[in-house]
Amino acid sequence: QVRLVESGGGLVQPGDSLRLSCAAYGSIYSIYDMAWFRQAPGEERELVARIVSGGVTNYADTVKGRFTISRNNANRMVWLQMNELKPEDTAVYYCNCQHRAGSSWGQGTQVTVSS
C-alpha cells in the first residue's frame, strides 16, 4: 500500500504563489501516475494536474499556465507550484497516486486565496 502526506497549504492573497508538497510512503516502487485534485465547498472533487510515469503532464484548463506539477524519479515526492493564485483556487487540495494495488489519497491541505 501507499500512504500520501501533503503539506504547504495556507492563506495567501490574490496573485501570490504557493508550493504544495506530497510525500509518498510504503510501496512507492509500484506508483505510476501521480496527481493533484481539489475540492471547493459545495463542489465535487476535480483534477488539477496529473503527471504520468513517463513525465507527461496534463492540467485543468482553469490552471494551465499558472500551475506546474513535478515529481522526483524515485516516486517519493510530487509537487504543485501554484502561481498567480486567484480566489477561485480556494479549496482543499489532495494528492493522489495510482499504483498496482489501486489508488491512494492524502488527507488534504487547505489553500485559501483571499484579500
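Taking trypsin sites (Lys or Arg not before Pro) as exposed when DSSP calls them loop and at most 14 other C-beta atoms lie within 10 angstrom, the chain has its longest site-free stretch at 1-63.
Within the set of other residues whose C-beta is less than 14 Å from the C-beta of CYS97, count the net charge using Lys and Arg as +1 and Asp and Glu as -1.
Numbers: positive: ARG3, ARG50, ARG71, ARG76, ARG100; negative: GLU6, ASP33.
Surrounding charge for CYS97 is +3.
Suppose every K and R has +1 on its Cβ and every D and E has -1 on its Cβ; what is the size of the dipole of the chain about the Cα centre, in Debye to the nearest 20?
Values: 11 positive and 10 negative charges, 92 e Å.
Magnitude of the dipole: close to 440 debye.
Here's the picture: charge each Lys and Arg Cβ at +1 and each Asp and Glu Cβ at -1 in the chain, and of ILE28, GLY102, GLY15 the one pushed furthest to the positive end of that dipole is ILE28.
Tell me, in nm to one decimal, what length is gained between GLN13 and ILE28 on full extension, where the rule is 0.36 nm per residue of separation less the Cα-Cα distance?
Numbers: separation 15, 0.36 × 15 = 5.40 nm, distance 3.49 nm.
Here the segment from GLN13 to ILE28 would lengthen by 1.9 nm.
Positive-end ranking of GLY65, VAL48, TRP79 along the dipole of the chain, with charges on Cβ about the Cα centre, is headed by TRP79.
Can you tally the net charge around ARG66? Count Lys and Arg as +1, Asp and Glu as -1, for every other residue whose Cβ sits under 14 Å from the Cβ of ARG66. Here the charged neighbours net out to -1. Which longest uninterrupted range of the chain lacks any GluC sites (Glu not before Pro) assigned by DSSP to a loop state (not H, G, I, E or B) and surrounded by at most 16 other Cβ atoms within 10 Å? Within the chain, the longest run free of exposed GluC sites (Glu not before Pro) spans 1-42.
We did not get these values from a lab; they are worked out from the coordinates using the rules stated. What you see is a predicted model, and the numbers here were worked out from it, not measured in a lab. No Cβ is skipped: glycine too gets one built from the backbone with ideal geometry, and neighbour counts run over all protein chains shown.
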